[in-house]
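Asks: Would you mind keeping the following structure in view while I ask a few things?
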Amino acid sequence: MWPHLEPSPETRMPNRVPLVQISSRAWEHPGDRAALNTLRAIPGFDEVVRKVASYFGERGIRQLFLGDAVKVTAGQRPRLNAMWTEVLETLDWQTRPELYVTQTPIANAMAVGFQEPFVIVHSGLLEILDDESSAACSATSSATS
């Protein structure tokens with residue numbers, strides 16, 4: 001999918017099985033799915049969420065989160081970039097969400113955005129996870145976008 005971003009042998013996930021044309025619903029947590037379905041059953045819920053989000057604007061939200069983050073690329077954090085590529089290929093992700101690392105001791109990751117979602121991983125999380133766990137965390141965050 002992104003041949004110029006091939007993972008190196010030391011960053012490849014062992015026993016990886018690509019999940020071709022998998023639905024994003026397949027990796028939703030049942031509790032999250034139930035809560036979201038309950039909220040969506042409320043008439044106008046989706047519209048209210050979009051209106052609130054548009055008040056702040058996706059660009060503003062993006063700038064708020066990315067003001068102190070580093071974009072993961074082949075030149076910046078190449079090893080993490082290679083793992084991100086492999087995660088996206090495993091999930092058969094058609095568009096490549098941007099991945100950012102922010103410098104903070106908190107162990108956290110999140111997906112943010114509506115039109116062009118992106119993923120933020122806190123450096124504190126990367127410090128405590130091995131490569132396979134980092135990849136799984138990135139996959140989980142991207143799945144929620």
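Readers should treat all values here as calculations from the given coordinates under stated rules, not as data from a laboratory. Small disclaimer: the values here were computed from a predicted structure and weren't measured. Using ideal geometry, Cβ is built from the backbone for each residue, glycine included, and neighbour counts are taken over all protein chains shown.
Asks: When the C-alpha atoms of segment 57-128 are aligned to their principal axes, what extent does each axis show, in angstrom, from largest down?
Replies: If we take the Cα atoms of segment 57-128, the spans are 30, 29, 21 Å.
Asks: At a 10 Å Cβ-Cβ cut-off, how would you order ARG96, ARG77, fewest neighbours first?
Replies: By the 10 Å Cβ count, ascending: ARG96, ARG77.
Asks: How do THR90, THR73 rank when sorted from fewest to most other Cβ atoms within 10 Å of their own Cβ?
Replies: Placing the least packed residue first, the sequence is THR73, THR90.
Asks: Please work out how much length the chain gains when fully extended from ILE128 to ALA35, using 0.36 nm per residue of separation minus the C-alpha to C-alpha distance, in nm with one decimal.
Replies: 30.5 nm
Asks: Using a 7 Å offset from Cα along Cα-Cβ at ILE22, what residues in segment 80-114 end up with backbone N under 14 Å from the label point?
Replies: Zone members listed by number: 86-94.
Asks: Arranged by the count of other C-beta atoms within 10 angstrom, fewest first, what order do HIS122, HIS29 take?
Replies: Placing the least packed residue first, the sequence is HIS29, HIS122.
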